[in-house]
Each structure stands twice: as structure tokens, then as C-alpha cells.
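Below: the structure, in C-alpha cells.
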Amino acid sequence: MRHLAKDLDLLTELHEQVLQEAGQGDLVEVLRRFQDPDGSDDGDLAPPRGPDQVAAVSRAATVRLHLTNLADERHRARSLRTEDGEHGGSVDTGDVGPTVGSVGPQARDRFARMCLHPVLTAHPTEARRRAVTTALRRLAEQLDRHADPTSGPTERAFARRRMLEDIDILHRTSTLRTTRPQPVDEVSTVLSIFDTTVFRALPRFQRAVEAALAAQDEGPVDQELPSLVRYGSWVGGDRDGNPHVTAEVTRATMEAQAGVALRTLQANVERVARSLTMDEEGTPPSAALREALANDAVALPGDFAGIAKDSPSEPHRQKLLVVAHRLEATAQGAASTAYTDPEELLADLALVRTSLRDAGDRRAADGELLHLVWLVQTFGFHLAELEVRQHSGVHVQALVELLGHVRAHGATVDGRPVDEPERAARDPQVLDALARHGWPIALPELSPATREVLDTLRVMSWLQQRWGVRCCGRYIVSFSQGADHLVAVRALARLAVGDRPLRLDVVPLFETGEDLRAAGSTLEEWLALPSTRSWLEERDRRVEVMMGYSDSAKDIGPAAATLTLHRSQQQLVSWASRHDVELTIFHGRGGSLGRGGGPLHRAITAQPTGSVDGRFKVTEQGEVIYARYADVRLAQQHLERMASAVLLADSPDVVRRRERAGERHAALGERLELASRTAYRALMDTGGIADLVAEASPLDVLGDLRLGSRPARRGAGSGRSLADLRAIPWVFAWSMTRVNLPGWYGLGTALAAETDRDALRAAYREWPVLSSMLDVAEMSLAKSHEELAGEFLDRAGRPELTATILAEMRRTREQVLDVLGQTTLLEHKPHLRTAVERRQPLIDALSRVQLRCLEELDATGADTEEGRPWHRALLLTISGMAAGLQNTG
Ligand code: PGA
């Protein structure tokens, strides 16, 4: 903590110097007063007068908040480096060593089956521009160099100068995007994460697990640890509500991903090859390796001659250089020497490793060569499995159009005429027949929307032929409400690709309260369809089901959503075991509170028994991606924590405790679910809530921030329907108003209705579902601000709604404090509390400035000469608050 304070002081000093040098010394004073208000009227501190001053203040505050975040991040990363080894970590913090120790000898088998599957999405939750994140990365390096005890005065002076340069750049870089990012821009952002950290973090993570296992093995073990991680991506694949993601974008995305995967593999193979300088005398190659080299000599005559000349008598090195050469050919699509699939590459690596091992060189066989194996197992030639997502309603529309053609032709499906295309498009039996037997008509002239749906399926088939079946086979159906929505994709695929090969894994996404409750029966009905049954057999009875955390919270409130998700997962587990299905639950969680955010480690161990079973798949979005993958060490720790939690989730002790608590508190859970849902729905159904949030907050201008390629609303119109509004802007807007309603609304009423307070407290202590729910609410409330919330809400001119919301806010705060046995929020979470407190004064000041901008805009209108600078200033306050609140998106 002392180091953190020192870093913060240093960064503040440098920032102030930059402001002085830029002739903006007045901002130094403003920020100081913001951060240290005398308590009287912090809102009126030197009110910046015109929009230009407001903009300047917002920018300066934003830089300060970025610097605060950076100091925190470096502190986390450095503590990992120094604590590691000293204290050996602990089970509670998710370190893999102690967790493996606590699980005991079964850990090795459990790791052998483990699959961690993070899925990166392009969700528009990263408010920072790439220019800002890269400047922050450079600063991070220099800050580390400055803090490094081995750096001398010259080194430190050098680091200081570089930091000043980068802070100056940050100060002069607009935080606003001038153009909306296109899906390809989002793809390159994600690719850079792989390039900078994921590739390097993976082998480190694997080694950490290996070391933890070795520490408790009693004798030699010949079971090799397979790679535990697979990455997925939605970037360039998720087209739900995003018309910019087309079949062509999906194709180009996979090309780009494969380019990065193959280039990185090639570079790594070359690097390892250069080090394999053992000569054939001391380390003779195996007969198999000799034979392989003889074949390579004739298959790639010119190149092999060069390799053999550069590395004479070094057969292991030669082979690996051939491998690098073939990877290059694979990237270029050079048919004669390209690898057909990653398996072939793995076989080559195994050949070299076995040869080294046979020659007695285990060190080299199990050293960096094993890293290469892990990289290939994880990334294949495709980097991340690209997933397609589309809204169920889009398929229904396409089917109505297509079935209209069937009717017009007088054709039949399964011997029956199609009288009503609308009905047939939602009839699972009709769709199943189309999926199995094909369509009774030739492809007609189609609307662009339907053509796009079919093209997407075609492109999936094409990509699988080019880069292997793993590269793009999942098709997620958002708002899945029945078996018809699931079989629809298979029926459409049959028309799109006919008999051409396509491995299509349809993944239902359940996201409203009602859909989650009906999930079991939807799956039951889906499974009864012959097309589902035969697919299931082909896929070894593996099924993935996705759960949407944000939309469920938006639909029924955060507390009811948590409990409904939990119950629905229990139902899915029993559905899977009844049908002998290997189920993977895919958690669609956002980073922010109200969208499933909160500590991942805790959330995993809270999962219902049987729902994890070694497999954990989860979305990682926007800011969360940067928080987890900003640095190799942080990325490694993130993977370790996930692995530890997955291991613990099924450990007998945790299972016993969780089940006992689950049974003991089941009735309480049901009451809380019902009461919180009723309270939340009552507010949503009052009427006017959509207008309220739009008028109280800067919701209508969020689109102008150009955070991502997709629009804020699903529907095309600019209306204010709540159903149309996506969960992300919904949560974002509430955080700007400092109400943070999606993190807690309804919980206070539900808790207040419980008379047995001791039972409630016991449930908080014992039942992880309830504890994580209350902790999330506590955090949301800690970031809210009642007085400012009142001012924002007042803007909408609905005093009765404002009163209801603020009363529930107070009630929830009182209730949470009572159950947690505290007098202030975050009382028992000192780290979090300091992190919040450190940012709060600046955020509060930005909120006030934001209110001012909104008022000015009310008077001028956004699209007037006077209004435009205020509109820009408003956007700057939003991006500043996003930096400060961190889990806004
Ligand atoms: P979605 O995501 O709108 O893409 O389903 C919501 C979220 O992650 O909050």
C-alpha cells in the first residue's frame, strides 16, 4: 500500500507538471479542490464557466482517473510478483498452489478434464480509445521501471522523463472517438490482446498448474498436463442487433485470426528451433525423426537444403525449422507443404520431443517444446473459436419469408401444405422436417436480410473447410423462447448449405426471467426432435447452454435474476443427467454490477453442484478484458484463479457446504426472488421509466461516444421502448445518474420483508449465492450518490418515481448494512473501500459538471451553435466517469 501511495503521488506530481507546462496551471488548482473539498459546497468549486472550460476540466479529471487506475493495476501486478513465493498465496485468493494442495491427489485427474473457455466479446463497454490504452501501457512500463529497486538514479530519471512525455500525450489526446469503430477495428483490438499477453500468459499458467501438481506428487508421473484453456470470440461473429457484422466480416475475421495464430506459432517455433543446437553425436535423433527428415528433404528440396546447410548435424533443430517453414506455407495457403490441420503439427512436435527424450534429453523435450504443444492445443490455427450469434426473431422473419415461397409454389413440408407461413415458422415439427429432409423448393429471390442469414451459415461451412471444424461452429440464438427457435437454425442451414459439410452447434441463450424458468421444458422439447437427437449422437452428447446475466437482471431485477439463474442452472443439471448429456453452461456476464459483474472466483464456487464439472465458459467484455489481460502476470493470475475456482467448485468439502446451505436457505431464496421481482416489476410497469432514464441521464447521447460498432437499441427506430434498449446502455445510463439501480433495486424490499434477521445473516455467511448477491448490491450502493441521484432524477420531472427509487435506495442500503452487520458500506472490505474513496471526489465533481452540461443543453438544444460545445463537453464528462467508475459498461 505504501508503494501505491508513492506511485499515486508521483503520477499526480507529473500530471500537475504537464498541466503547468501546458499553461493550464488553473486546472491544477481545480483538481486539487475537487479532490479535497472543504466539505461545504464541493459542487460550486470554481464552477467552470463556459463549455470550453468544462471540457478542459473533464479532460484533466479523466487523465487523473486513468492515472489512478494505472497505479492500482501496477500495484496489483507487482504484489503478485513479490508475494508469490514469499507467502505462497492462499486458497481464498485463488492461487493455484494452495488450492491444489487443499484438493489433494485427485487434482491431477480433475485437471486432465478441465476446460476453461473465456469468450472475448466486442461488447461496447470499453470507453477508452486504443490511443489512450496504448499510452497507458507505455506509462505502465516506465512506472515499473521507476519503482524497480534495481533501477539507479539515471534509470529513474529516464523513466520519469518518459512518463512526462506520455502523460503529456494523454493530456493532449482526445478521449472521444471521432468515428464509430467498425467490426474490423474491434477485431484488431482483440487480436492485439492475444499478441501482447495471452500467448505469453498461457504457458506460464500451465507451468504454475504443473508446479502445483508436482509439489504434491509422491513419485514420478508420466501423465502430461494438457492445455486447460480454449478461447472463444464473438468479435466479428456476433450480429445480434449489429447490422455491421456481415458474413463477409465473419470471413475476414477468421482470416485475420488465423493470420495471427499462424504467425505467432511460426515465430515461436523458429525461436525454439534456434535454441535446439544439440548435435547428433551427443543427442542422436530417433529413427523416426531421421526418416521424417529424409522425407522433408524430398518434399521441400530447395528450402530443406538451406536448413540443412545452416544447421548441419543438428537434426532436432532442422526438423523444427521445417515445421516453421510449413507454418508459413499454411498461412499462405500453399497447398503442397501446408499443414492440413493442427493435429499434423502436433504430431511433428511429438516426433521431436520423443526423439529428444529417447536420447536422454528430457529437459529440452519437456521445456519450451511443451509450450509449443500447449499453444497449438489452445489456439490451433484459428486462435479463438469464432461464435456466431443472432436474435431468434431474425430467424423467424427469414423463415416466414421462405415458407411464404413454399406456399406460393404449392409445395408441401412433410406431406402437408404450408397454409400459414407465420405459424409454420414457429412450428418445431415443420422446422425439424425441413432440417432433416431439406426444402421442397429451389432457392428463390430473397430479401437482403434473409440472404444475409443464409450467407452467414454458408460462410461458417466455408471457414470450417479452410481452417478446420473447430474454428467456427457455434451458433448462439439469443432470446431463445422455445424449441422452434433452436431447430430454426438447423432448418435454415439445410437450405443454405444443402449437403455440404457444416458442423453446426446450436447454443440456446436464455435471458429473460420467463425464458430462464422455461429453459428446462424448452430443452426437453428440443431434444425430442429427431434432428436434435442425431446431432447429439454425432457430438458425443455434448450440449452448451448459455445464460444471459444482464438481460435477466434488466427484466426481473438483480436479486431475482441471480436466484432465477441459479435455479434454472439446477434444472439444467438435472435435465442433462436425465438425458446423459454432457452439459456446459456458458455464462454471459458483463463486467459491471447489474450485468453479472463481481468477483469471478466467488461466482464460480457458488454455481450449483454439477453445473461446472471441470468446464467453465464465460464471456469477457470490454474493460474487463483490459483489466484481466493488461499484463502477462495479471493474465496468468486470472487464469489461475479461474482454474482454482473450477477445481474448488466440485471439491467435496465445498459441495457439501454449498448443498447444505442451499437446502437450508431454499425457502428464503424463493421468498427473496418473488418479493424482489415483484418490487422491481412494479417500478418497470409503472409506465414512464423508459422516459425517466432517458431524461434523467445522458442516455440519448451515449451513441455519440461511439464506443462500439453496434447501436444502443436493437430496433431501428429512435423510440424509447425499454424492450429495445440493450442492457449495456441501460446499466451505463443508470451509473451516470449515480443511482446504479440495476445493481440493487428490489433487494431492499425483499430483505425488509424478512423478519428472522438471524436467519438472514446466517444465509449471508453460509450461502454463496446470497453473499455474492449482497456484495454486488453493496458495491453498487457504495458507488451511488443519493444527493446527486436525486438531482439527476429530478430532471425527468416525475417526482413520484424519483421518490420511489430513492426510498428503495435508502431501504436497500439499510437492509444490506443490517444483514452484513456494518454501519457503513464496504466497512469490511478495506481495499475496495479505499479504491472507491480514492476516485469518489473526482467522480462526484464530474457528475456535477455533467449535470451542468445537461442543463445547458436543455436550454440550447444539442444541435445548435451554442449547444454543440456543450454536447462535446457532456461527452467528455461521460468518458471521464466511465474511467472513474471502472465497471460502468
Ligand atoms: P447483449 O449483452 O446485449 O449483447 O446480450 C448484454 C451485456 O453483456 O450486458
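Since every read-out is calculated from the coordinates, none of them should be taken as a lab result. Being a predicted model, the structure only gives us computed values, none of them experimental. Backbone-built Cβ (ideal geometry, glycine too); neighbour counts: all protein chains shown.
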Using alpha-carbon coordinates alone, the radius of gyration and Dmax of the range 142-247 in Å work out to 21.9, 61
Shape descriptors of the range 364-514 over alpha-carbon atoms, Rg and Dmax in angstrom, are 18.5, 69
A correct fewest-to-most ranking of Lys6, Lys617, Lys319, Lys554 by other Cβ atoms within 10 Å would be Lys6, Lys617, Lys319, Lys554
So, for the Cα atoms of the range 202-255, Rg and Dmax in Å stand at 19.6, 58
So, with points 7 Å from each Cα along the Cβ direction, the Arg833-Glu21 label distance in nm works out to 3.9
Net charge near Arg129 (other residues with Cβ under 10 Å of its Cβ; Lys, Arg +1; Asp, Glu -1) is +3
Between Thr173 and His437, the two model label points (7 Å from Cα along the beta-carbon direction) sit apart by a distance in nm of 6.1
The base-10 log of I(q)/I(0) that the Debye equation returns for the range 259-379 at q = 0.10, 0.13, 0.15, 0.23 Å⁻¹, one scatterer per C-alpha, is -0.26, -0.45, -0.60, -1.50
Charge tally for neighbours of Asp775 with beta carbon under 10 Å away, counting Lys, Arg as +1 and Asp, Glu as -1, is +1
On each of the three principal axes the extent of the alpha-carbon atoms of the range 810-864, given in whole Å and largest first, is 52, 25, 13
Dividing the mean separation of Cα pairs under 8 Å (6+ apart) by the residue count of the chain yields a relative contact order in percent of 17
From DSSP H assignment alone, runs of 4+ in the chain each adding -39500 (n - 2.57), the sum over residues rounded to the nearest 500 puts [θ] at 222 nm at -20500 deg cm²/dmol
One finds, for Ala803 and Asp758 with R0 = 25 angstrom and r their Cβ-Cβ distance, a FRET efficiency to the nearest 0.05 of 0.20
Check: C-alpha center the range 524-565 vs C-alpha center the range 725-801, spacing in Å is 27
So Asp279 and Asp414, fully extended at 0.36 nm per residue minus their Cα-Cα distance, gain in nm 41.7 nm
1/(1 + (r/R0)^6) with r = Cβ-Cβ of Asp148 and Ala252, R0 = 45 Å, i.e. FRET efficiency to nearest 0.05, evaluates to 0.60
Computed curve, the range 339-411, Cα-only Debye sum without solvent term, log₁₀ I(q)/I(0) at 0.12, 0.15, 0.17, 0.20 Å⁻¹, is -0.55, -0.65, -0.73, -0.86
Filtered hits (lysines, Cα-Cα < 30 Å from Lys617, offset >= 8 within chain) -> Lys554, Lys783, Lys829
The range 307-332 and the range 581-595 have their Cα centres apart by a whole-number Å value of 43
Across 5 Å bins beginning at 0, the whole-percent shares of Cα-Cα pair distances in the range 210-331 come to 2, 9, 13, 12, 12, 12, 12, 10, 8, 5, 3, 1, 0
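Which order do Glu524, Glu856, Glu663 fall in if you start with the one that has the fewest other Cβ atoms within 10 Å? Please report the intermediate quantities before stating the final value.
On the way: Glu524 14, Glu856 19, Glu663 10.
Ordered from fewest to most neighbouring Cβ atoms within 10 Å, Glu524, Glu856, Glu663 come out as Glu663, Glu524, Glu856.
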Counting Lys and Arg as +1 and Asp and Glu as -1 over every other residue whose Cβ sits under 10 Å from the Cβ of Gly588, the net charge comes to +2
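Express the relative contact order of the range 512-659 as a whole percentage, based on alpha carbon pairs under 8 Å and six or more residues apart in sequence.
The normalised contact order for the range 512-659 reaches 22 percent.
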Taking only the alpha-carbon positions of the chain as identical scatterers, the Debye log10 I(q)/I(0) at q = 0.06, 0.10 Å⁻¹ comes out as -0.44, -1.24
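Could you put Glu808, Glu218, Glu659, Glu538 in order, starting from the residue whose Cβ has the fewest other Cβ atoms within 10 Å? Please report the intermediate quantities before stating the final value.
Numbers: Glu808 22, Glu218 6, Glu659 12, Glu538 9.
Least crowded to most crowded, the residues run Glu218, Glu538, Glu659, Glu808.
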Distribution output for the range 405-450: share of Cα-Cα pairs per 10 Å bin in percent, first bin at 0, values 26, 60, 14
At the level of C-alpha centres, the distance separating the range 201-279 and the range 437-496, in angstrom, is 28
Cα extents of the range 2-194 along the principal axes, largest first, in whole Å, come to 67, 44, 40
Sorted largest first, the C-alpha extents of the range 665-885 along its principal axes in whole angstrom are 61, 37, 34
